[in-house]
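Undergrad: One structure follows; several queries about it will come next.
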Amino acid sequence: MKTVDFGYEKVAPEQKAARVRGVFDSVAGKYDLMNDLMSGGLHRLWKRFALGQTGLRPGQRALDVASGTGDLGTGLARQVGRDGLAVLTDINVEMLSRGRDRLIDRGIAGQVEFVIANAECLPFADRSFDCVTIGFGLRNVTDKPAALASMRRVLKPGGRLLVLEFSKPTLALLKPAYDAYSFGVLPRLGSIIAGDAASYRYLAESIRMHPDQATLAAMMREARFDEARWNNLAGGIVALHVGIVH
């Protein structure tokens, strides 16, 4: 890859991770508040739906990639229980430290590990986890095929990958309003609440550059997932992709 997308910009691959890290360093303090404001709280329902698809049982092992402030990681930790293990990873130290603080405040720490890690080269043994999740993080990854292959590698036979991500609206009537909201309201909210309009403009652009539902499913099959399917949420504004390893 000579260049990769950073929103609508083209940048060298080695620059993207640093640029993404800068975005999340900037917004970390207001990240959870902005998620609630941007989605009207719907992100909590989307994450709850994703957690309902993990198939996890007490005593199993789960990995959350690009864990951020730990919403999905908290749910995984509760599903695997004290006899299991939930590992939360992120490339961004600031975001992961906030997630760690949140889980400790909630009394969830004994069965949880926190690891700084790049999704493209996860530092775990083959076939280590029963379930891997990544919520609203794949679009920020520099090399998405490498990340999908890395997540597939660490899954046990019978395990599943859940990719919760913004996607392409399936209702034509939604598109004009969605575009107006994304490029008008979001940057203004980011400016007022987080003091950073540019990061939320990048958010809108990165969503538009992310593969659509069918393309992402095809990428998962290319990464050797035996099954790849998706559920559209909020009219396709968000999609949950499920990849299964047999």
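The values are calculated or read from the model by the stated rules, or taken from the named source; none is laboratory data. This one's a predicted model, so the numbers in the text were calculated from it and none came from an experiment. So basically every Cβ, Gly included, is an ideal-geometry build from the backbone, and we count neighbours across all protein chains shown. These accessible areas exclude ligands, DNA and RNA; they are computed on the full protein's heavy atoms, side chains included. Shrake-Rupley method; radii C 1.70, N 1.55, O 1.52, S 1.80 Å.
Yes/no per residue for (1) in a helix (DSSP H, G or I); (2) of a type in the set (Lys, Arg); (3) closer than 20 Å to Val245 by Cβ; (4) touching a Leu at 6+ places or on another chain (Cβ under 8 Å):
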| position | (1), (2), (3), (4) |
| --- | --- |
| Thr142 | no, no, no, no |
| Pro145 | yes, no, yes, no |
| Arg152 | yes, yes, yes, yes |
| Gly158 | no, no, yes, no |
| Leu161 | no, no, yes, yes |
| Glu165 | no, no, yes, yes |
| Pro169 | no, no, no, no |
| Tyr178 | yes, no, no, no |
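Undergrad: Just checking, how many residues over the stretch 150-174 are open to solvent by 60 Å² or more (accessible area, probe 1.4 Å) and at pLDDT below 95?
TA: Count: 4.
Undergrad: Search the stretch 46-71 for residues that are of a type in the set (Phe, Trp, Tyr) and pair each with any residue that is in a strand (DSSP E or B) and modelled with pLDDT of 95 or more when their beta-carbon atoms are under 6 Å apart and the residues are at least 6 apart or on different chains.
TA: Short answer, once both residue conditions are applied: Trp46/Leu233; Trp46/Val238.
Undergrad: Right, Ala177: more than 30 Å from Pro145 (Cα to Cα), open to solvent by less than 40 Å² (accessible area, probe 1.4 Å) and not basic (Lys, Arg) or not?
TA: No.
Undergrad: Residues Ser206, Ser199: which one is modelled with pLDDT of 95 or more, of a type in the set (Ser, Thr, Tyr) and outside any loop (DSSP other than H, G, I, E, B)?
TA: Unique residue meeting the criteria: Ser206.
Undergrad: Out of (1) outside any helix (DSSP H, G or I); (2) crowded, with 18+ Cβ neighbours inside 10 Å, the odd one out for Ala125 is which?
TA: Among (1) outside any helix (DSSP H, G or I); (2) crowded, with 18+ Cβ neighbours inside 10 Å, Ala125 violates only (2).
Undergrad: Does the stretch 97-119 hold any residues that are surrounded by fewer than 19 Cβ atoms within 10 Å (Cβ to Cβ), modelled with pLDDT of 95 or more and over 19 Å from Val80 (Cα atoms), and which are they?
TA: Ile116
Undergrad: Can you find, within the stretch 29-39, the residue that is most open to solvent (accessible area, probe 1.4 Å) among those that are under 15 Å from the mean Cα position of the chain (by Cα) and of a type outside the set (Ser, Thr, Tyr)?
TA: Per the criteria, the residue is Asp32.
Undergrad: Now, a different point. Using beta carbons and a limit of 9 Å, which pairs, at least six apart or on different chains, have the first residue in the stretch 95-119 and under 15 Å from Gln79 (Cα atoms) and free of Cβ contacts under 8 Å to residues at least 12 places away in the same chain and the second one part of a strand (DSSP E or B) and open to solvent by less than 50 Å² (accessible area, probe 1.4 Å)?
TA: none
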